[in-house]
Structure formats: structure tokens, C-alpha cells
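The values are calculated or read from the model by the stated rules, or taken from the named source; none is laboratory data. Note that the structure is a prediction, hence the values are computed from the model and not measured. Don't worry about glycine lacking a Cβ; one is built from the backbone with ideal geometry, like all the others, and counts go over all protein chains shown. With ligands, DNA and RNA removed, areas are computed over all heavy atoms of the protein, side chains included. Shrake-Rupley method; radii C 1.70, N 1.55, O 1.52, S 1.80 Å.
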Amino acid sequence: MANDRISYVTAGNGPGRVMFLHGWFWDHRIFAQLFKEIDGLRFTYAAFDIRGYGKSRNVLGSYTVEEIAADAINVANDLGWEDFHVLGHSMGGKAAQKLAMGNPERVRSIIAVTPVPASALPFDQSVRALFDSACNEDASAAAIIGRSVSHRLSARWISDLVRLTRETAFPEAFRKYLHSFIEDDFSDEARRLAARMLVLSGEHDGGLPNDMVRLVYGQLYPHAVIETIANSGHYPMLEAPLYFASRIERFFDDQSSRG
């Protein structure tokens, strides 16, 4: 299904409503395995392709984290969702935080998965150069993905993820989203995020290590629950889908029961 601007898919038809926001690599299909594991009788899930990606590839925009959050509200409106939970992965985790900050009356809870923080990322010159070169060079993109799973997964898996990203992402969008998730700083708005929050880091995430996630998110959101997913790096929906599906549904069940 699609509204006038953004293409999205849904899974399940349960009373709970959850919006998924994908990250920089690939598109909404990164959640495809997860959709097979969820309980569609308890929840309805929606995931959309951000502007410049997938079936939203030709939708023009500024390609920023803030725009992703605004488009999530538009998709929710199209679905008729007055309130909902949100799950954001990586760059989508930063967008999920912005979404919850700006829409406290609509976002009931948030799960931030191996998430980019609301603050700007303190990349040194060499790391920033690697990310910039990933916009054009497959080897650099593969190096970033490899580091994010601590080089535990096969070269074939990594190269497939690079290929899928190149196929789905409009190059200008890919480049501009990079600048946004690195440089945009919403940390001064963190106090506005009052929704219940679960932060999930990956045991083997070399890009956003556990220690950093616990330190940064503990400071930004003292009310957040922060957990580590064992035997997973940056992509728990692909690396540990059964456990990941069970954990997020337990969290959303708990939030729904609180009303």
C-alpha cells in the first residue's frame, strides 16, 4: 500500500500498532524475516521505504532524519493510527527518537535498535572519510558493515547487503542521509522524550559498541531500559530474528497492558 508520497507494507491485524523505521543500509525489507516471526493476532506492524529508497525511491525530499520522522506520521495518518509504538533501527533509531520527541501524544513507546544517538556522532577524520567514501565505493561500505558485525559473518552476506543497498537507494539520498545522521543534533530535545523506551544493542556491534550505547543513552534518557542482544551485531533482525521478535513483542505487550 502507499499514500500519496511514501510506500509502505503492513503485517498482522492485531489491535497493537507498531511502526518500523529502517536504517541506512537496505530498505523496509530488512524486517522481512521479522515479519514472519511476529504474532499478527496481537499486533499490526507497518514498515515504509524512506524517501529515495525502494518503492519510495522517486519521492524527492531533503533526505534527513527529521523528514523520516515526519513521513512516519504521514504513514500513521494514512493508516488511521491515532497512537502507536515505534521501532527504529540504526539511523531509523535516531529518526524514532525525533518522532517521539515531536509527537508525545501519539507515540506510546519506543524501541531503539542498535541506534544512532540523538546527538551528533563524534567521528574522527579517518572514520568520517570511510563513511563518505562508502557513498561511492563498495569496499568501504563492506568495511563498515563488516565492522558492525565484528567480522563474524561471511563476506558473501556482507557483499549481498551492499548490493541490495545499491539497488534500492538513490545515490543522492544515500549521501544526504549520511550527513544527517552524523551531523544532526537533537540531544537538547531529549528531555521531551517521555515515552517508555527500550534500547537494544548488539553484543558484537563494533560500530555502536555496548559501552557507548549504555553511556550515551543512559545520559540522554535515564528512564530507558538498556539491554544487550547476545550473539548479534548491528542487525539483530537478521542475526537473531526469533529472539528479537520475542523480545520486542514482550516489550510492546507490556506497554499495551499499561494503557
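Scanning for something of a type outside the set (A, V, I, L, M, F, W, C) and closer than 30 Å to Gln255 by Cβ, does region 136-159 turn up at least one residue?
Yes, the conditions are met somewhere in region 136-159.
Here's the yes/no breakdown for (1) among the aromatic types (Phe, Trp, Tyr); (2) open to solvent by 20 Å² or more (accessible area, probe 1.4 Å); (3) farther than 24 Å from Ala118 by Cβ:
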{"position": "Ile6", "(1), (2), (3)": "no, no, no"}
{"position": "Gly14", "(1), (2), (3)": "no, no, yes"}
{"position": "Arg29", "(1), (2), (3)": "no, yes, yes"}
{"position": "Ala46", "(1), (2), (3)": "no, no, no"}
{"position": "Asp49", "(1), (2), (3)": "no, no, no"}
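Kindly indicate whether any position in region 168-182 is aliphatic (A, V, I, L, M), touching a Gly at 6+ places or on another chain (Cβ under 8 Å), modelled with pLDDT of 95 or more and surrounded by 19 or more Cβ atoms within 10 Å (Cβ to Cβ).
Yes, the conditions are met somewhere in region 168-182.
Would you mind telling me which numbered condition in (1) open to solvent by 10 Å² or more (accessible area, probe 1.4 Å); (2) touching a Ser or Thr at 6+ places or on another chain (Cβ under 6 Å); (3) in a loop (DSSP other than H, G, I, E, B); (4) not charged (D, E, K, R) Leu130 fails?
Condition not satisfied by Leu130: (3).
Please work out which residue is modelled with the lowest pLDDT, limiting yourself to region 234-259 and to residues that are open to solvent by 60 Å² or more (accessible area, probe 1.4 Å) and part of a loop (DSSP other than H, G, I, E, B).
Gly259
Here is a check on your reading of the model: is Tyr53 within 20 Å of Thr168 (Cβ to Cβ), out of contact with any Phe, Trp or Tyr (no Cβ under 6 Å at 6 or more places or on another chain) and not hydrophobic (A, V, I, L, M, F, W, C)?
Against the criterion (within 20 Å of Thr168 (Cβ to Cβ), out of contact with any Phe, Trp or Tyr (no Cβ under 6 Å at 6 or more places or on another chain) and not hydrophobic (A, V, I, L, M, F, W, C)), Tyr53 qualifies.
Taking region 189-233, which residues are surrounded by 16 or more Cβ atoms within 10 Å (Cβ to Cβ), part of a strand (DSSP E or B) and among the aliphatic types (A, V, I, L, M)?
Result: Met197, Leu198, Val199, Leu200, Ile226, Ile229.
Restricting attention to region 214-233, does a residue exist that is farther than 16 Å from Ala118 by Cα, hydrophobic (A, V, I, L, M, F, W, C) and touching a Lys or Arg at 6+ places or on another chain (Cβ under 9 Å)?
Yes: region 214-233 contains one or more residues that are farther than 16 Å from Ala118 by Cα, hydrophobic (A, V, I, L, M, F, W, C) and touching a Lys or Arg at 6+ places or on another chain (Cβ under 9 Å).
Here is a yes/no grid of residues against (1) buried (at least 20 other Cβ atoms within 10 Å of the Cβ); (2) more than 19 Å from the chain's Cα centre (by Cα); (3) charged (D, E, K, R); (4) modelled with pLDDT under 95:
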| site | (1), (2), (3), (4) |
| --- | --- |
| Ile110 | yes, no, no, no |
| Pro115 | yes, no, no, no |
| Ser119 | no, no, no, no |
| Pro122 | no, yes, no, yes |
| Glu137 | no, yes, yes, no |
| Ser148 | yes, no, no, no |
| Leu164 | no, no, no, no |
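Can you confirm whether region 150-161 contains a residue that is farther than 30 Å from Asn58 by Cβ, surrounded by fewer than 21 Cβ atoms within 10 Å (Cβ to Cβ), within 17 Å of the chain's Cα centre (by Cα) and free of Cβ contacts under 8 Å to residues at least 40 places away in the same chain?
Within region 150-161, not a single residue is farther than 30 Å from Asn58 by Cβ, surrounded by fewer than 21 Cβ atoms within 10 Å (Cβ to Cβ), within 17 Å of the chain's Cα centre (by Cα) and free of Cβ contacts under 8 Å to residues at least 40 places away in the same chain.
I want to confirm something. Restricting to region 62-84 and keeping residues that are open to solvent by 30 Å² or more (accessible area, probe 1.4 Å) and over 17 Å from the mean Cα position of the chain (by Cα), which single residue is farthest from Arg108 (Cα to Cα)?
Per the stated criteria, the residue is Ser62.
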